[in-house]
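The structure under discussion appears below in the form of structure tokens.
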């Protein structure tokens with residue numbers, strides 16, 4: 001018998017996420033805890049860590065989640081307020097069997113949610129739907145778990161400081177957007193000998209200054225201004241739960257994930273010739289070309305941090321990354337996305353080479369590209385639309401269709417894929433000139449509009 005009240009649309013591709021108090025209330029969170037606890041127990045994972053971001057509802061939701069988990073017989077280590085990467089780290093450091101983070105990542109303050117690991121693997125896709133079914137059916141394990149608290153921030157800082165070494169001091173700007181990354185980024189970079197200028201590094205779940213999403217240019221304006229005013233070497237922006245990075249170079253330009261991947265992959269290839277790298281369908285062709293030119297193996301894959309991590313493991317990749325600023329290091333690290341760790345790796349390269357970011361990227365061919373463009377499209381037809389667009393272009397052009405369709409042209413490309421997180425299609429374009437960019441964009445968007453009109 002279904003007695004579910006909470007909004008099933010919260011159960012998404014990569015996590016559970018919705019409006020606090022509207023899509024779920026405190027009693028719903030207890031049931032979500034029971035659903036997650038039951039799922040983990042049936043996977044043989046009973047000892048887990050629970051962390052939370054700094055949102056206004058996160059303390060209460062963490063408490064209710066833990067209540068639900070304990071009632072299924074799971075044992076919980078409460079690691080308190082921390083970033084999602086620190087949550088991933090806690091599984092390894094404490095030798096536990098999973099983790100739940102209470103977080104809505106970069107969403108506005110009224111949202112909250114849960115990111116789940118079973119063992120060290122992210123729970124996503126059909127597994128999230130499985131948890132929803134357990135809650136709907138009220139098919140819960142019972143037991144009496146125990147809870148204890150552990151301060152994970154100290155061991156995490158120590159680990160990064162032992163992993164990273166800077167050969168000279170750098171001047172750094174940090175904007176944590178009042179999320180949780182600032183509480184580790186600032187002390188770690190100071191301990192590494194950097195001169196740190198910080199903005200909004202005090203956690204505040206109302207996010208009073210700007211949204212904690214570093215891929216949106218508007219949210220990075222203050223750290224850009226800080227870098228220029230203070231003549232800093234580099235600036236960093238982080239999302240609400242610290243797994244995505246935004247980088248500003250010394251000239252105040254925003255450097256996206258694919259450009260960072262070029263810098264990181266070159267450094268890794270200098271030590272590990274022939275290494276494998278993974279990136280997603282939205283990334284610049286210059287990245288894939290650069291990896292191959294430098295003797296690496298480049299794999300284009302589907303967007304989504306869970307899918308990327310899975311593929312990394314399968315291909316034994318040293319590094320992976322997304323446009324959105326998720327950067328995953330297996331080289332010298334654990335293979336998960338950690339914005340503070342990625343920042344430290346970039347500082348290491350800047351210190352060692354004595355070069356600016358613009359110098360490191362000076363030989364990358366100039367292209368013109370759009371940011372991610374989102375086109376509204378209802379959830380129930382978005383995949384059907386992409387299917388039809390793919391079929392159209394497949395007949396006429398070379399395409400890559402592992403995630404939506406990337407239409408390949410001699411002097412550029414256009415992408416159409418369905419968003420996994422909202423009722424939208426994601427588009428991106430790249431070309432050698434502005435004129436050609438507009439032509440490719442017009443070609444793809446015209447086809448898309450026609451197909452959208454015909455699809456109901």
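So here's what we get for this one:
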read-out	value
Residue match in the range 41-60 (condition: in a helix (DSSP H, G or I) and either without any contact (Cβ under 8 Å) to a residue 12 or more places away in the chain or assigned by TED's automatic domain parsing to the domain that holds residue 329 (or both))	yes
Number of positions in the range 272-304 that are assigned to a loop (DSSP other than H, G, I, E, B) and touching a helix residue (DSSP H, G or I) at 6+ places or on another chain (Cβ under 9 Å)	8
Selected residue (criterion: farthest from residue 429 (Cα to Cα)) from residues of the range 384-402 that are touching a residue at least 40 places away in the same chain (Cβ under 8 Å) and outside any helix (DSSP H, G or I)	402
Flag if residue 96 is modelled with pLDDT of 95 or more, within 17 Å of residue 62 (Cβ to Cβ) and not in a loop (DSSP other than H, G, I, E, B)	no
Test: residue in the range 210-218 that is outside the structural domain of residue 51 (by TED's automatic domain parsing), touching a strand residue (DSSP E or B) at 6+ places or on another chain (Cβ under 7 Å), surrounded by fewer than 23 Cβ atoms within 10 Å (Cβ to Cβ) and assigned to a helix (DSSP H, G or I)	yes
Options 125, 119: the member that is within 23 Å of the chain's Cα centre (by Cα) and over 17 Å from residue 48 (Cβ atoms)	125
Subset of the range 171-195 [surrounded by fewer than 19 Cβ atoms within 10 Å (Cβ to Cβ) and assigned to a strand (DSSP E or B)]	171, 195
The range 157-170, subset under 14 Å from residue 343 (Cβ atoms) and in contact (Cβ under 8 Å) with a residue 60 or more places away in the chain, residue surrounded by the most Cβ atoms within 10 Å (Cβ to Cβ)	160
When residues of the range 61-72 are limited to those that are more than 26 Å from the chain's Cα centre (by Cα) and not in a loop (DSSP other than H, G, I, E, B), the one surrounded by the most Cβ atoms within 10 Å (Cβ to Cβ)	68
1 or more residues without any contact (Cβ under 8 Å) to a residue 60 or more places away in the chain, buried (at least 20 other Cβ atoms within 10 Å of the Cβ) and not assigned by TED's automatic domain parsing to the domain that holds residue 415: qualifying strands (runs of 3 or more DSSP E) within the range 311-383	319-321, 327-329
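The values are calculated or read from the model by the stated rules, or taken from the named source; none is laboratory data. On a predicted model such as this, the values are computed, not experimentally measured, just so you know. Counting neighbours? That spans all protein chains shown, and the Cβs are built from the backbone with ideal geometry, glycine included.
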